[in-house]
Every structure is written in structure tokens, then in C-alpha cells.
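None of the figures in this text is laboratory data; all of them are computed from the coordinates on show. Remember, predicted model here, so these are calculated numbers, not experimental data. Cβ placement follows ideal geometry from the backbone for every residue including glycine, while neighbour counts extend to all protein chains displayed.
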Amino acid sequence: MSGIYVHIPYCRQKCIYCDFYSTASRQSRTAYIAALEQEAIQRKDYLLTPVRTMYFGGGTPTVLTRTEMEEIYNRLSSVFDLSNCMETTIEANPENLSGEYLSFLRRLGFNRLSIGIQSFNPDDLIALNRRHSCQQATESVRMAKEQGFDNISIDLMFNLPGMNMEKWKGNLDRALQLDVEHISCYSLTREEETMLDKMIKAGKTSLPNDEECIRQFNAADEILTKNGYRHYEISNYCKVGKESIHNSSYWQQIDYIGLGASAHSFNKTSRQWNPSSIEQYINNINTGAETEKEILSDKEKYNEYIMLSLRTEKGIDITHIKKHFPQFLSHYEKQLEKVSDMMSDRWILSNRIAVELML
Ligand code: SF4
């Protein structure tokens, strides 16, 4: 089984923490949509197994008009066989969602919605340069349910500037009231060259310290699991049977093709990626230029397996190592002894454990 990722690199404005590739200018949209179709045709044989998931991410896919969205969806459906596709997700921001638009998305074929709420505190939303209000956030979930979405995920962020435990717990309570199937909780991280990075360097804002960040992570773990959500990946919680199948594919190293500017693809032996520039992407597609590619060595495959598995509830499977990486088994077993005392805090220490176990 395999997956398709489609990158829609348009956002109305840039959030201060974001380092995903996106632009506020929408002039290139017609040419971009045509390039997406061309890329799908050029690379349709990349996937050797039936498509199980499709994911529209960004950027903000829901800034596209219905006509544009329909065009992309229909073009991809005519290139790929989607008859075995179980999960079709679209990322959305609350301010773009209306009952009509949601009903359209549902009819088009999306059966999972991932809404970027981030916080229910107005001050946080302003500080992050988000465009939506708290009311729009809760209303978007209500409307999505009304339009038949029964697999809704929301994103929340902790470790925000000025965020204390009381505010964070307040956000978790509001999230629980929405009774959605899936909640992703991310720590705000400082990525280089983002507006947040510049503000911190200029002394205009600061993030809570590491101890507070860990306390907020642990609070989410405690509160959400107590309320029926399973902590199945370091940043993800779900109700029974509502894991993100698409995102789980990344952690399980299942093949996927990424279409669009900055999108990555993986087929177990190599990684490929498109340029993080709409103009260059369109030019590459129109001239048939090769995508950039990296062939993975056994050592790289082993390291990726360790790193990705430690992000998940299931962890590392020794039978997988014995089967796929027998040459590294003795290294793994030797290193495992060194990290055994860290295992009770595996979520928090996963990076440190991974470094010990990797080659
Ligand atoms: S809406 Fe999403 S992709 Fe766009 S700038 Fe904000 S975080 Fe980045």
C-alpha cells in the first residue's frame, strides 16, 4: 500500500513560527495546478502498490476555490487508481471553512479533516499571527460535523510565549469539549530564519524553559489519555481506530509520492524532493527535469527506522531489525543496554535514545 501527498503552497499570511514552504502571493495558481497534473502523469509509475491514502497539505489547501480544488482532485483521480483509497485528508484553517465549502469537500471525496486551531486564547492567536478567532475555531468543528465529517483532527500548540499550565490546560479542556476523533499537540519550536526566531533574537519574545515545556507535554499526555485518547505517536492522540493512516505511513516507512513544490517522496530505496520554489518547480515539470534524489544506504535506512519507530507507541521491533538489518543487530543490542534506564521516559528522551541506538 502507498500514499500520495499533495502540497498546496499558498497561505493568506505567514504564521510567525512557520518554516513550511508557502507564499502569500496567489498569482501562480493556474500554472501550479497544471504542473501538479503534469507531475502526476510524469511520475505515476513511482508507486508500485495500490494507493491507500491521499493527503492535501500545505500551506493552506483550503485557500483554493472550489473550482481549483475540484480540478486538482479530478485530475489526480484520473491519473491514479484511488479505488482502494481509505483515507483522504485535507488540512484546513478555521477562517476558510463555511458549511458550503465543507459540504463541497465531503462530496468531492475528502473523508478526514485536519484543522489548524493551535490555541483557543485570542492573545496566542494574535501573537502567532493566525487569522482566525476562537469562535471560528469551534464553529469550524461544529460545521464539519454537521456536514458529515466523522474523522476530524485538530492541531494544538504548547510551549507558546507566556503560556503557563493554567492556559494550556484550558486549551486542552476546550479541545475535549469539541469531542473530535484526533488531536495533534505540538511544541512550538524555534526554527531558524522564521519571524519567531528573529523576535527571540531581538529580545521581543521568549519561549517557556525546557522544564515548563516538559510539564506541558506531560499534562497533555495525562489529560488526553484519561479522556479516552490514545497517545500513539509523540505528537498525536486519537480515539480508538482513528489514527492518521497517512501520517502513520511515514513512521512505518511505507512508500509515498509527494507532488508539488517542496514535496518529498520515498520508496524504501530512495528519497526524492522537489524544489522549494513554485517557479522552479513549474519550470522543472515543464522541462521534464529530474527531481533531486538520494539513494539510501543500509546504515541510513537503519537510522531512519530507529528514529521514526521511537516516535511511535509501538517503538522498535527487534524482529524488524533481525530481518532487515541483521548486520547491525549486535550494535543495537549493545547500545540498548546503555539506554535501558531512559526507557521509562521514552517520549521525552526519544531523541537522546535514538542517537545512542543509531550508527
Ligand atoms: S497557515 Fe500553516 S502553512 Fe501557512 S504559514 Fe501558518 S503554519 Fe505555515
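One table, with the values for the structure above:
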{"read-out": "Positive dipole terminus of segment 94-133, leading residue within 94, 126, 111 (C-beta point charges)", "value": "111"}
{"read-out": "For segment 186-231, size of Cβ-based charge dipole, Lys and Arg +1, Asp and Glu -1, in debye", "value": "160 debye"}
{"read-out": "In sequence order, calculated HN-Hα J values of segment 31-43 (Karplus, 6.51, -1.76, 1.60; Hz; x Gly/Pro)", "value": "5, 5, 5, 5, 5, 4, 5, 4, 5, 4, 5, 4, 10"}
{"read-out": "Furthest towards positive pole of dipole, 203, 31, 295, structure part the chain, Cβ charges", "value": "31"}
{"read-out": "For the chain, built as a Gaussian network whose Cα springs stay under 10 Å, the top-fluctuating residue of 134, 11, 185", "value": "134"}
{"read-out": "Rounded if a/c under 1.5, otherwise prolate or oblate - segment 206-359, Cα gyration tensor axes", "value": "oblate"}
{"read-out": "Whole-Hz couplings from phi, Karplus 6.51/-1.76/1.60, listed for segment 166-173; x for Gly and Pro", "value": "4, 5, 5, 5, x, 5, 5, 4"}
{"read-out": "Spin-label pair residue 225/residue 65, simplified geometry with 7 Å Cα→Cβ offset, distance in nm", "value": "4.9 nm"}
{"read-out": "Residues with amide H under 5 Å from that of residue 277, placed H, sequence gap 5 or more", "value": "262"}
{"read-out": "Amide H within-cut-off set for residue 187, under 5 Å, with H built and near neighbours excluded", "value": "158"}
{"read-out": "Euclidean distance between Cα centres, segment 88-167 to segment 250-302, Å", "value": "29 Å"}
{"read-out": "Under 5 Å, built H, 5+ apart or other chain: amide partners of residue 58", "value": "8"}
{"read-out": "Listed pairs 14/242; 293/314; 201/299; 198/268; 14/201; 239/334 exceeding 28 Å between Cα atoms", "value": "14/242; 293/314; 201/299; 198/268; 239/334"}
